1. Taking Cα centroids, how far is segment 1-60 from segment 209-242 in Å?
2. Once you sort the root eigenvalues of the Cα gyration tensor of segment 173-248 as a ≥ b ≥ c, which label holds: rounded (a/c under 1.5), prolate (a/b larger than b/c) or oblate (the other case)?
3. Does segment 86-182 classify as rounded, prolate or oblate by the C-alpha gyration tensor (a ≥ b ≥ c root eigenvalues; a/c under 1.5 gives rounded; else a/b over b/c gives prolate, otherwise oblate)?
4. Using the alpha carbon gyration tensor of the chain, what are the three equivalent-ellipsoid semi-axes (square root of 5 times each eigenvalue), largest first, in whole Å?
5. Starting with the highest mean, order 226-237, 54-65, 70-81 by the number of other Cβ atoms within 10 Å, averaged over the residues of each peptide.
6. Report relative contact order for segment 1-79 in percent, whole number only (criteria: Cα-Cα under 8 Å, sequence separation at least 6).
7. Going highest first, how would you order 35-42, 87-94 by mean Cβ packing within 10 Å?
8. How high is the relative contact order of segment 37-159, given as a whole-number percent (alpha carbon pairs under 8 Å, six or more residues apart)?
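Where a number appears in this text, it was derived from the coordinates with a stated rule and is not lab data. Just so it is clear, the structure is predicted and the values come from calculations on it, not from any experiment. All Cβ positions, glycine included, derive from the backbone under ideal geometry; neighbour counts span all protein chains shown.
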Ligand SMILES: [Zn+2]
């Protein structure tokens, strides 16, 4: 690290848990952030400010006026621009040293597998089950840790799926792909603005911990937040031997 970097990251370097070694790991890391909306905004902002060396953003949407109530990486002036370009600009204003790759596309299964294979950590900031399952499959195949978040109305959830050990649950262990879940979208149900900030910030924290090798991750734990009462519920999860994605077949 040069003198500027030592200053920029000094409050991380001061931490016993991070120090020079941990910060070097962050600088060398590649985070794949899928979705540049409500969750993707705080995720990407914190990963960039914290010095994650390379951040790839994937999203095929444009910034819309209705996004600005909660998607803090975007601005009124950037309405109409691709979300990944808008977010890239926001990140580079905070930390011009980060290599931000903006992919304005809807990644299919094959594309996701290629993108995930080159990542240190993956952050699922999407809002539909089909994409969540595709991201999970790619992470299991490539053995890359996945930090998953979701937020709708006043309810949020966050979890880590870490296939590196082969011992903890994957997303499909918890939510079987053949099961029908009610697909709810912010566009119809609404979402409380700071809820995506709370959940997204926790996703960023878990990703930084995984990259720097700090503490205990949320693997095998699902955290649920009810923002009405601001109460967290922790559910212990475990790997399902019958899981169609990570189970023994
Ligand atoms: Zn599984």
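1. 21 Å
2. Working: a/c = 1.97, a/b = 1.13, b/c = 1.75.
Taking the square roots of the gyration eigenvalues as a ≥ b ≥ c, segment 173-248 is oblate.
3. prolate
4. Working: eigenvalues 133, 104, 63 Å².
Semi-axis lengths for the chain are 26, 23, 18 Å.
5. Details: 226-237: 11.2, 54-65: 19.7, 70-81: 17.5.
Ranking, from highest mean packing down: 54-65, 70-81, 226-237.
6. Numbers: 86 pairs, mean separation 21.3, N = 79.
Relative CO of segment 1-79 lands at 27 percent.
7. Ranking, from highest mean packing down: 35-42, 87-94.
8. Numbers: 196 pairs, mean separation 29.5, N = 123.
Taking the mean separation of contacting Cα pairs over the length of segment 37-159, I get 24 percent.
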